[in-house]
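Peer 1: If you scroll down you'll find the structure; I have some questions about it.
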Amino acid sequence: VDGIIFFDSANGEEIFSTLEAWYGVEIKLEQGYQFKGKFSGSFKNEPLVNILKVVGKASGFNYELKGNQVLINSKK
């Protein structure tokens, strides 16, 4: 609603499925990747990359964009 994405103690599955639906992308997880903890925050009219940067920093993952796919992997 009103261009706002809101997460309240969301796990990785909730975040990634929301981003897939919102931005029309497919998110693929590296084999063995485990999302760390829960994430809370809101984003208003933010580009996908900005959200991935913030959530990735908080939850310990890197991402790579390839067309309409987002590849998620553990920070090394």
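Peer 1: Sum -39500 (n - 2.57) across every DSSP H segment of at least 4 residues in the chain, then divide by the residue count to get the 222 nm mean residue ellipticity, nearest 500. Walk me through the intermediate numbers first.
Peer 2: Details: 2 runs with 24 residues, N = 76.
Theoretical 222 nm ellipticity from helices: -10000 deg cm²/dmol.
Peer 1: Name the residues whose placed amide hydrogens come within less than 5 Å of the amide hydrogen of ILE27, ignoring near sequence neighbours (fewer than 5 apart) on the same chain.
Peer 2: Answer set, sorted by chain and number: VAL70.
Peer 1: Calculate, axis by axis, the spread of Cα positions in the chain along the three principal axes, and write the results as whole Å, longest axis first.
Peer 2: 35, 28, 17
Peer 1: Below 18 Å, Cα to Cα, which aspartates and glutamates can LYS66 reach? Residues fewer than 8 away in the same chain don't count.
Peer 2: Within the straight-line cut-off, LYS66 pairs with GLU20, GLU26, GLU30.
Peer 1: Please report the relative contact order for segment 1-64, taking Cα pairs under 8 Å with a sequence separation of at least 6, and give it as a percent rounded to a whole number. All intermediate terms of the calculation are to be shown ahead of the outcome.
Peer 2: Working: 55 pairs, mean separation 26.7, N = 64.
Averaging sequence separation for qualifying contacts and normalising by length gives 42 percent for segment 1-64.
Bear in mind that the values in this text are calculations on the coordinates, not laboratory data. Not measured: the values here are computed from a predicted model.
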